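Shown next, in structure tokens, is the structure this report addresses.
What follows draws every value from the coordinates through simple rules; no lab data is involved. Here the structure is a predicted model, which is why all the values come from computation and not from measurement. We place every Cβ from the backbone using ideal geometry, glycine too, and count neighbours over all the protein chains shown.
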Amino acid sequence: MRHWVTIYIWEFVRGTGLIIVYKWVFIAVFLKYLKAVVRAAASSGGPRPPYTTLAVSQPQQFVTHVELHRPEKLNAMSRAFWREMVELFSELAGNPDCRVVVFSGAGKMFTAGIDLMDMASDVLQPVGEDTARISWNLRKKIAEYQETFSVIERCPKPVVVAVHGACIGGGVDLITACDIRLCTQDAWFQVKVSRCRRGGFMGGASRNARGRRCLVNELALTARKMFADEAASSGLVSRVFADKEAMMAGAMELAGEIAGRSPVGVQGTKVNLLYSRDHSVAEGLDYMASWNMSMLQTEDLMKSAQAALEKKSPKTVAFSKL
Ligand SMILES: *[C@@H]1O[C@H](CO)[C@@H](O)[C@H](O)[C@H]1NC(C)=O
């Protein structure tokens, strides 16, 4: 530093100092500008009211991008987040301009999980005059938290989640409620059921348990990290990308494919996939038959068939809003 100062003074003395100072100021300003441009391209510009933890944008027609946006807190899930998720997904469920949701995290990682500092007052110091009343209130709170992820499932629009970096605790519960999961090569997942006793009540474990019970048990009981390759081979994610940029491009492409299809078909498929997950084969078929008897009467079916006959992509068909 001292060395540079000496040079500056020397340059000033020689009369060229100002030019050098300007050059450095210019480079600093340019770098700052560049950083802002990169940041703007990488995220959707931060939360806007009424949201404080979620940045919502529409990068292409019928595609909604929801970004978990508390980068300075490693996207930890605060009380505001739980509330806003319910509000946002209830809105998206009925919004005809949204046919598919891409969900990702801003900043260094997807999420560090529950914001313990923010939630402590809710869960660790529940209110009530006696054990029964404390329990009653706590149960209500827990049900509210479960609701945060249930709204993702209940929203008939498919949700594509894109995970980079760490996805810890409540983050795993969140992504298991999504329909399609993608991650980057540097992503890792960690269930914290055994380390934190309150943990695991958000339903991730029960949602995932149907599949690989043995692996789920191991992850839950040891709270070890699971890296991208294992996440892919075990089916937790369907695709792994080299970096976040490639993943977001992939997620948007996937979302574009879904958004271009008949919303009657896509949303009916999500509803029925979830139904059959929780019911027997016979019940699933019966439910779908009842579903189909009305939904197959859609004009979308003829439109899609026509496009297929003409060897056109369904994206070229204008389906009515739903
Ligand atoms: C319902 O309709 C879909 C779409 O045509 C079809 O793939 C499915 O087999 C039908 N299921 C039943 C049970 O009718």
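Laid out as a table, the results:
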read-out: Relative contact order, percent, region 54-259 [alpha-carbon distance under 8 Å, six or more residues apart]; value: 20 percent
read-out: Rounded, prolate or oblate (a/c below 1.5 giving rounded, otherwise prolate when a/b exceeds b/c) for region 86-126 by Cα gyration tensor; value: oblate
read-out: Cα gyration tensor shape of region 211-292, rounded if a/c is under 1.5, else prolate or oblate by comparing a/b with b/c; value: oblate
read-out: Net dipole in debye of region 263-316 [+1 Lys, Arg Cβ; -1 Asp, Glu Cβ; about Cα centre; nearest 20]; value: 340 debye
read-out: For region 295-309, 3J(HN,Hα) per residue [Karplus equation, 6.51 cos²θ - 1.76 cosθ + 1.60, θ = phi - 60°, Hz, x = Gly/Pro]; value: 6, 6, 7, 5, 5, 4, 4, 5, 4, 5, 4, 4, 4, 5, 4
read-out: Listed residue (S304, V271, T316) projecting farthest to the positive dipole end of region 263-316, Cβ model; value: T316
read-out: Relative contact order computed over region 77-164 (Cα-Cα under 8 Å; 6+ residues apart), in percent; value: 53 percent
read-out: Greater than 29 Å apart at Cα, pairs in K73/K192; K244/K311; K140/K192; value: K244/K311
read-out: Rounded to the nearest 20 debye, dipole of region 54-259 from Cβ charges on Lys, Arg, Asp, Glu; value: 740 debye
read-out: Using a Förster distance of 45 Å, the FRET efficiency for E257-E129 (Cβ separation, nearest 0.05); value: 0.25
read-out: Per-peptide average of other Cβ atoms within 10 Å, ordering 138-150, 74-86 highest first; value: 74-86, 138-150
read-out: For region 115-122, 3J(HN,Hα) per residue [Karplus equation, 6.51 cos²θ - 1.76 cosθ + 1.60, θ = phi - 60°, Hz, x = Gly/Pro]; value: 7, 4, 4, 6, 8, 3, 5, 6
read-out: Relative contact order for region 238-322, counting Cα pairs under 8 Å that sit 6 or more residues apart, in percent; value: 36 percent
read-out: Separation in nanometres of the label points that stand 7 Å from Cα toward Cβ, at H279 and Q297; value: 2.0 nm
read-out: Rounded, prolate or oblate (a/c below 1.5 giving rounded, otherwise prolate when a/b exceeds b/c) for region 55-125 by Cα gyration tensor; value: oblate
read-out: Signed unit charges on C-beta, dipole axis of region 132-193, positive-most listed residue F149, I134, V160; value: I134
